[in-house]
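Encoded as structure tokens, the structure appears first; notes follow it.
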Amino acid sequence: MANNFVSFFKRFFEDVFKTKKNVKIGFYGPPNSGKTTLANKICLDWIGEELGSASKVPHETRNVQFKEKVNIKHNGKQATFKLIDTPGIATRIDYEDFLAYGLNSKEAKQRAKEATKGVIDAIKWLDDVDAVVIVLDSTKNPYTQVNVTIIGNLVARKIPVLIAANKIDLRGADTKKIEAAFPEYGVVGISAKQGKNIDEFYDSLFNLIKKV
């Protein structure tokens, strides 16, 4: 009886405090949804440095970038992550879209070319991730061709998914619309920029990796 009691608590604490090694998490979503901002927030929280640069100009991230060995400890759980920040997924990239942000024609065409390659690379990286955090702008309509394309690729590969409904600090944010659009997935409302609900995000992240 005593041995069974000890064995139970040993299994319990091993389960609670066990460390997963090098869980590869991809951050996906449309341009300017806040993927890099969220990845930066996580990196700053746990290793004290950012992963990449973010701006208001679409497709600021045009190459897949990653940070190794990000060890997250939260509510008695811990895991070591490889965070993979991907370029914004778009079904159409037109260089003229960049002219409104002050880029000249040559710069805009180069950015469009790099962004198109970035989308292709992002899709290829789906073969090398354990789970995906889809970052969506909660002020925008979630029923878009881009979002359906992203979800479709993940479903086809049977990759575990968490949706981060970002920018809840802004007027017009509506996480309920995102929940209604994708009811089969967990949705957590956050503000990556302000760090709002980041604890709830970490709870959801650890629930996500149970499926890995």
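The values are calculated or read from the model by the stated rules, or taken from the named source; none is laboratory data. These numbers come from a predicted model, not from an experiment. As a convention, Cβ positions derive from the backbone with ideal geometry for all residues, glycine included, and neighbour counts pool all protein chains shown.
Those helices (runs of 4 or more DSSP H) of the range 47-162 in which 1 or more residues are at pLDDT 90 or above and exposed (fewer than 13 other Cβ atoms within 10 Å of the Cβ) occupy 105-124, 145-157. Within the range 173-212, the set of residues being small (Gly, Ala, Ser) and out of contact with any strand residue (DSSP E or B) (no Cβ under 6 Å at 6 or more places or on another chain) comprises 173, 180, 181, 191, 195. On the stretch given as the range 5-46, residues that are more than 22 Å from residue 126 (Cα to Cα) and modelled with pLDDT of 90 or more total 4. Note on the range 167-176: among residues that are buried (at least 18 other Cβ atoms within 10 Å of the Cβ) and of a type outside the set (Gly, Ala, Ser), the one that is nearest to residue 33 (Cα to Cα) is 167.
In the range 175-186, the residues that are in contact (Cβ under 8 Å) with a residue 40 or more places away in the chain and at positive phi never reach a residue that is aromatic (Phe, Trp, Tyr) and surrounded by 12 or more Cβ atoms within 10 Å (Cβ to Cβ) with C-beta atoms less than 9 angstrom apart, at least six apart or across chains. Do we have residue 189 as closer than 20 Å to residue 39 by Cα, surrounded by 17 or more Cβ atoms within 10 Å (Cβ to Cβ) and under 15 Å from the mean Cα position of the chain (by Cα) here? Here the answer is yes, as residue 189 does meet what is asked. Counting the residues of the range 164-189 that are farther than 22 Å from residue 148 by Cβ and of a type outside the set (D, E, K, R) gives 2.
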